[in-house]
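The values are calculated or read from the model by the stated rules, or taken from the named source; none is laboratory data. Please read all numbers here as calculations on a predicted model, not as lab measurements. All Cβ positions, even for glycine, are placed from backbone atoms using ideal geometry, and neighbour counts span all protein chains on display.
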Amino acid sequence: MIIQPRTRGFICLTSHPEGCAENVKKQIEYVKSKGQINNGPKKVLVIGASTGFGLASRISAAFGSDAATIGVFFEKPGTAGRPGTAGWYNTAAFETEATKAGLYAKSINGDAFSDEIKKQTIELIKQDLGQVDLVVYSLASPRRTHPKTGVAYASVLKPIGEHFTNKTVDFHTGVVTNISIDPVKEQSDIDNTIAVMGGEDWKFWIEDLKAAGVLADGVKTVAYSYIGPELTYPIYRNGTIGMAKNDLEATVATINDLLKDKNGVSYVSVNKALVTQSSSAIPVVPLYISLLYKVMKEKGIHEGCIEQMQRLFAERLYATDAQLDSEGRIRVDDLEMREDVQAEVAKLWAEVTTENIESISDLAGYRKDFFNLFGFEFEGIDYNQESDELTQVESIK
Ligand code: NAD
Ligand code: NA
């Protein structure tokens, strides 16, 4: 079928298989161009492997360190006349390229929060790899069904305590408005968000993997967090999602205890703000990202997911010094948080309006990245050609 983008707000309802493949190939080329990662991972499990930081982690491990990878995700294949999700097509392309390069790659599609998918993953590790030496935890989800109690939790994106008013942009139209968000009314909104995006499921994964004997000696595990600038604190770091990130970060200590007898170590890496399916859903953040892109591109220090993850692996996780901050976190948001960068973004933030946004921000770059997530707006792809919506993930056939 011919597949064009169809959007509803910050969601794109269609994805382009060949475009997604192009996206994956570009990321692979980037990782290869950086050369081999010294003492990198060899057998890797990526939970949340199909898009964003998780996909970039999988590509960095495979093409930067010849790693065998198992990817877990929640995606939909296409059916006749109806395209599948971008993460499905990304994975199809990733597996094709990995196989061509002689690298093991298999994938599991299902609810990573469930005991069943954990069990399936462990069986696959036992059967094919024996053990894994790196576990990347990169889930982003609006809901989680608790595997022990069956309770279904939904996360919310709200401030805590005070009403929050700030600028936001509709990135399709460039219209800048003030958005006003009420704080949570109930503690349960905070608890539910922690239940979905906090550290419990990461801990459950590590407990189950350990109990099954599939963690190698010296195993590493990493999960991803975000801090960002003060202007987004009310909606991000001091909001409900921030409470979940605090919980995720606190889980490092628990997991380090679990991994002690394996000589293992766990980390949280604080990553840069980037356009992904998850971040486009957060109010205020897309406007911040548009201004941040402008400033970082001008300074020649802009990075996308793949640049971030390749650097995380080569210069932090597998370097002699992971360069932890005072809270024990890896910081690959170091360039975003540079004082000169933040000062310029703050200045632009005060100035930005509907009238000047196209010139003082990189809204165009934001939009392009958004459409690229779904395989659209790549040069060299003819979007008027028939496309194969039935493209399969080889290992899930
Ligand atoms: P993303 O939406 O691109 O990726 C989410 C992944 O989780 C996908 O592979 C998806 O299939 C998978 N997933 C979701 N629900 C699932 C389920 N129930 N079972 C199995 N798989 C499931 O998101 P992202 O932006 O790459 O986020 C990954 C992590 O990085 C999150 O912890 C996020 O908070 C963090 N982070 C994001 C940013 C940013 O700006 N995007 C910045 C710093 C940190
Ligand atoms: Na991800």
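Before moving on, here are some points about what is shown:
- Scanning segment 154-166 for residues that are surrounded by fewer than 19 Cβ atoms within 10 Å (Cβ to Cβ), part of a strand (DSSP E or B) and in contact (Cβ under 8 Å) with a residue 40 or more places away in the chain yields ALA154, ASN166.
- Enumeration of residues in segment 211-234 that are touching a Gly at 6+ places or on another chain (Cβ under 9 Å) and of a type in the set (A, V, I, L, M): VAL214, LEU215, ALA216, VAL219, ALA223, ILE227
- Selection status of GLY81, within 9 Å of ligand 2 (Cβ to nearest atom) and within 22 Å of HIS16 (Cα to Cα): no
- Test: residue in segment 346-365 that is within 21 Å of ALA92 (Cα to Cα) and at pLDDT 95 or above: no
- The set of residues in segment 115-143 being assigned to a strand (DSSP E or B) and in contact with a Leu (Cβ under 9 Å, 6 or more places away or on another chain) consists of VAL132, ASP133, LEU134, VAL135, VAL136, TYR137.
- Qualifying residue in segment 308-327 (condition: within 14 Å of ligand 1 (Cβ to nearest atom), aromatic (Phe, Trp, Tyr) and within 20 Å of the chain's Cα centre (by Cα)): no
- Single residue of LYS272, LYS220, LYS245 found to be closer than 24 Å to ASP362 by Cβ, charged (D, E, K, R), modelled with pLDDT of 95 or more and surrounded by 20 or more Cβ atoms within 10 Å (Cβ to Cβ): LYS272
- Criterion violated by SER280 - all others in (1) touching a strand residue (DSSP E or B) at 6+ places or on another chain (Cβ under 7 Å); (2) among the small types (Gly, Ala, Ser); (3) closer than 29 Å to ILE181 by Cβ satisfied: (1)
- Against the conditions (1) farther than 24 Å from PRO283 by Cα; (2) in a helix (DSSP H, G or I); (3) in contact with a helix residue (DSSP H, G or I) (Cβ under 9 Å, 6 or more places away or on another chain), GLY218 satisfies every one except (2).
- Check on ASN109, within 17 Å of THR276 (Cβ to Cβ) and within 15 Å of ligand 1 (Cβ to nearest atom): no
- Among the numbered conditions (1) free of Cβ contacts under 8 Å to residues at least 40 places away in the same chain; (2) within 19 Å of LEU390 (Cα to Cα); (3) not charged (D, E, K, R), the only one that GLN36 does not meet is (2).
- Of all residues in segment 34-60, those satisfying the criterion of being among the β-branched types (Val, Ile, Thr) and part of a loop (DSSP other than H, G, I, E, B) are ILE37, THR51.
- Boolean, LEU317 is within 23 Å of ALA61 (Cβ to Cβ) and surrounded by 18 or more Cβ atoms within 10 Å (Cβ to Cβ): yes
- Of all residues in segment 94-114, those being outside any strand (DSSP E or B) and either without any contact (Cβ under 8 Å) to a residue 40 or more places away in the chain or in contact with an Asp or Glu (Cβ under 8 Å, 6 or more places away or on another chain) (or both) number 14.
- Checked against (1) without any contact (Cβ under 8 Å) to a residue 24 or more places away in the chain; (2) touching a His at 6+ places or on another chain (Cβ under 7 Å), MET296 meets all criteria but (1).
- Selected residue (criterion: nearest to ligand 1 (Cβ to nearest atom)) from residues of segment 18-64 that are surrounded by fewer than 21 Cβ atoms within 10 Å (Cβ to Cβ) and among the small types (Gly, Ala, Ser): GLY40
- Between LEU274, LEU248, the distinction of being part of a loop (DSSP other than H, G, I, E, B), within 29 Å of PHE313 (Cβ to Cβ) and within 16 Å of ligand 2 (Cβ to nearest atom) belongs to LEU274 only.
- Considering GLU307, GLU327, GLU303, the condition of being surrounded by fewer than 23 Cβ atoms within 10 Å (Cβ to Cβ), without any contact (Cβ under 8 Å) to a residue 40 or more places away in the chain and of a type in the set (Asp, Glu) is satisfied by GLU303 alone.
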